[in-house]
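Participant: Okay, here's the structure, questions in a sec.
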Ligand code: PGA
């Protein structure tokens, strides 16, 4: 399975930061994995122009479930495509928290994204309290089922990112055994009840939450980890490039 190194710039970046994208592309003209950056919407079209013809793909960070209409401040799946996006992140824990997104809302967005030819990165993960309460597999099991049960998807247009909420932006990561346990569980779900007409076996599973050059290789060596969703360390070409290289090396 080809790995995916995905970067999420969140609410960071203005035009001057596009230089990092130029550096990333020139430093990694043909990586042995897929490479994606999801910038803020304001940079999407410019980043897509820079990335045209390169190994880098660009994506959005959210989209509205409706195709268009009176939704001030929102962005539609068609707009993301129009700006050059091939992917969209959905259900990130910051959106679940900041915008009170529910599993049902995320499911509606997912269906819209797929229908508009965007590949979706569905994010899921437990809070610290849920982990300490021994509920991790229940929570991620509920989230992946809500997102994928009876969904018509393929291994090309759905990606799952396991991101423990408490590991995002904190420098903390689960133990390798904990990451491996959740990824094996998610793979199992994708081969079973969440299998989507058999496509689940090929869906890539990303780990996200404080991935950096120093821990990427050991995470990528785990079974059922097919890449990473990277926040802070995706903002600099040198850091993200090192993560891309670690993923490419894990695949070889
Ligand atoms: P982080 O963010 O790498 O800064 O922890 C990951 C994410 O939110 O996708």
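The values are calculated or read from the model by the stated rules, or taken from the named source; none is laboratory data. This one's a predicted model, so the numbers in the text were calculated from it and none came from an experiment. Note: ideal-geometry Cβ built from the backbone for every residue, glycine included; neighbour counts use all protein chains shown.
Participant: Quick one: would you say residue 137 is modelled with pLDDT of 95 or more, in contact with a strand residue (DSSP E or B) (Cβ under 6 Å, 6 or more places away or on another chain) and not in a loop (DSSP other than H, G, I, E, B)? Reasoning before the result, please.
Facilitator: Numbers: modelled with pLDDT of 95 or more: yes; in contact with a strand residue (DSSP E or B) (Cβ under 6 Å, 6 or more places away or on another chain): no; not in a loop (DSSP other than H, G, I, E, B): yes.
It is false that residue 137 is modelled with pLDDT of 95 or more, in contact with a strand residue (DSSP E or B) (Cβ under 6 Å, 6 or more places away or on another chain) and not in a loop (DSSP other than H, G, I, E, B).
Participant: Could you please find all residues in region 167-177 being within 15 Å of residue 232 (Cβ to Cβ) and either touching a helix residue (DSSP H, G or I) at 6+ places or on another chain (Cβ under 8 Å) or more than 9 Å from the ligand (Cβ to nearest atom) (or both)? Write out each step before concluding.
Facilitator: Taking region 167-177 and keeping what is within 15 Å of residue 232 (Cβ to Cβ), we get 167-173.
Residues satisfying the conditions are 168, 169, 172, 173.
Participant: Residue 146: assigned to a strand (DSSP E or B) and either more than 16 Å from the ligand (Cβ to nearest atom) or at pLDDT 95 or above (or both), yes or no?
Facilitator: Details: assigned to a strand (DSSP E or B): no; either more than 16 Å from the ligand (Cβ to nearest atom) or at pLDDT 95 or above (or both): yes.
Spelling it out, it is not the case that residue 146 is assigned to a strand (DSSP E or B) and either more than 16 Å from the ligand (Cβ to nearest atom) or at pLDDT 95 or above (or both).
Participant: Of 94, 126, 130, which residue is buried (at least 17 other Cβ atoms within 10 Å of the Cβ) and more than 23 Å from residue 227 (Cα to Cα)? Steps first, please.
Facilitator: On the way: 94 fails: more than 23 Å from residue 227 (Cα to Cα); 126 fails: more than 23 Å from residue 227 (Cα to Cα).
Sole residue among the options that is buried (at least 17 other Cβ atoms within 10 Å of the Cβ) and more than 23 Å from residue 227 (Cα to Cα): 130.
Participant: Take the residues in region 197-207 that are free of Cβ contacts under 8 Å to residues at least 60 places away in the same chain and buried (at least 18 other Cβ atoms within 10 Å of the Cβ), then tell me which one is nearest to the ligand (Cβ to nearest atom). Give the derivation first.
Facilitator: First, the residues of region 197-207 that are free of Cβ contacts under 8 Å to residues at least 60 places away in the same chain: 197-201, 203, 205, 207.
Those still in the list that are buried (at least 18 other Cβ atoms within 10 Å of the Cβ) too: 199-200, 203, 205, 207.
Details: 199: 24, 200: 22, 203: 18, 205: 14, 207: 10 Å.
Looking at residues that are free of Cβ contacts under 8 Å to residues at least 60 places away in the same chain and buried (at least 18 other Cβ atoms within 10 Å of the Cβ), I get 207.
Participant: Looking at region 244-252, can you tell me whether even one residue there is within 16 Å of the ligand (Cβ to nearest atom), under 24 Å from residue 90 (Cβ atoms), in a loop (DSSP other than H, G, I, E, B) and within 17 Å of the chain's Cα centre (by Cα)? Can you show your working first?
Facilitator: Taking region 244-252 and keeping what is within 16 Å of the ligand (Cβ to nearest atom), we get 244, 246-247.
Those still in the list that are under 24 Å from residue 90 (Cβ atoms) too: 244, 247.
Right, trim to in a loop (DSSP other than H, G, I, E, B) and you get none.
No, every residue in region 244-252 fails to be within 16 Å of the ligand (Cβ to nearest atom), under 24 Å from residue 90 (Cβ atoms), in a loop (DSSP other than H, G, I, E, B) and within 17 Å of the chain's Cα centre (by Cα).
Participant: Can you tell me which residue among 185, 220 is farther than 29 Å from residue 12 by Cα and touching a residue at least 12 places away in the same chain (Cβ under 8 Å)? Outline the logic, then answer.
Facilitator: Details: 220 fails: farther than 29 Å from residue 12 by Cα.
Just one listed residue meets the conditions, 185.
Participant: Report yes if some residue within region 208-220 is at pLDDT 95 or above, more than 22 Å from residue 36 (Cβ to Cβ), surrounded by 19 or more Cβ atoms within 10 Å (Cβ to Cβ) and within 16 Å of the ligand (Cβ to nearest atom); otherwise report no.
Facilitator: Within region 208-220 (the criterion being at pLDDT 95 or above, more than 22 Å from residue 36 (Cβ to Cβ), surrounded by 19 or more Cβ atoms within 10 Å (Cβ to Cβ) and within 16 Å of the ligand (Cβ to nearest atom)), the answer is no, since none of the residues qualifies.
Participant: Mind checking which residues of region 149-192 are surrounded by fewer than 16 Cβ atoms within 10 Å (Cβ to Cβ) and in a loop (DSSP other than H, G, I, E, B)?
Facilitator: Within region 149-192, 149, 150, 152, 154, 156, 169, 170, 171, 172, 175, 192 qualify.
Participant: If you don't mind, there's one more thing I want to ask. Quick check on region 4-21: of everything there that is away from the ligand (no atom under 15 Å from the Cβ) and surrounded by 15 or more Cβ atoms within 10 Å (Cβ to Cβ), which residue is nearest to the chain's Cα centre (by Cα)? Walk me through it before giving the result.
Facilitator: Pass one, region 4-21, residues away from the ligand (no atom under 15 Å from the Cβ): 14-21.
Adding the requirement that they be surrounded by 15 or more Cβ atoms within 10 Å (Cβ to Cβ) leaves 17-18, 20-21.
Numbers: 17: 21, 18: 20, 20: 20, 21: 18 Å.
Checking each candidate, the answer is 21.
Participant: Let me ask you something else. Anything in region 227-242 that is more than 6 Å from the ligand (Cβ to nearest atom), under 17 Å from the mean Cα position of the chain (by Cα) and assigned to a loop (DSSP other than H, G, I, E, B)? List them, or say none.
Facilitator: Scanning region 227-242 gives a single hit, 235.
Participant: Provide a single number: the residues in region 169-197 that are modelled with pLDDT of 95 or more and touching a strand residue (DSSP E or B) at 6+ places or on another chain (Cβ under 8 Å).
Facilitator: Total satisfying the criteria: 6.
Participant: Just to verify a result, which residue in region 46-69, among those that are surrounded by 16 or more Cβ atoms within 10 Å (Cβ to Cβ) and out of contact with any strand residue (DSSP E or B) (no Cβ under 9 Å at 6 or more places or on another chain), is nearest to residue 110 (Cα to Cα)?
Facilitator: Across region 46-69, the extreme among qualifying residues is 65.
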